[in-house]
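The values are calculated or read from the model by the stated rules, or taken from the named source; none is laboratory data. For clarity, every value in this text was computed on a predicted model and none was experimentally measured. Cβ: placed from backbone, ideal geometry, glycine included. Neighbour counts: every protein chain shown.
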């Protein structure tokens, strides 16, 4: 009886997985704006340590408030919506290529090291 239940459950789960629709990120060029937040620090090692904290459950916005060297840190790192050409290239390239909700690996610009989180694209 347990074997039959297990087989039925396995088939049911397989059916759910095989019928699931996966959203695929559209081409970067489709989006004209992103809504993002960032954390700015002075070293790659500091950025990696903060990313580790976020990956382990700390709130991105709280980490930004506590540790970001950018004035936007006061607002959880929120930069609002911006278009291409408004940020330095290294930052912009990552922001437009990140899936919504993902925190980037450290990104170096002339201002320091950033962690970027995209909240929306349009």
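Odds and ends about this structure:
- Of all residues making up region 1-34, the number that are within 27 Å of residue 120 (Cβ to Cβ), modelled with pLDDT under 50 and surrounded by 10 or more Cβ atoms within 10 Å (Cβ to Cβ): 2
- Taken over region 83-107, the criterion of being within 20 Å of residue 120 (Cβ to Cβ) and touching a helix residue (DSSP H, G or I) at 6+ places or on another chain (Cβ under 8 Å) is satisfied by 84, 85, 86, 87, 96, 97, 103, 104, 107.
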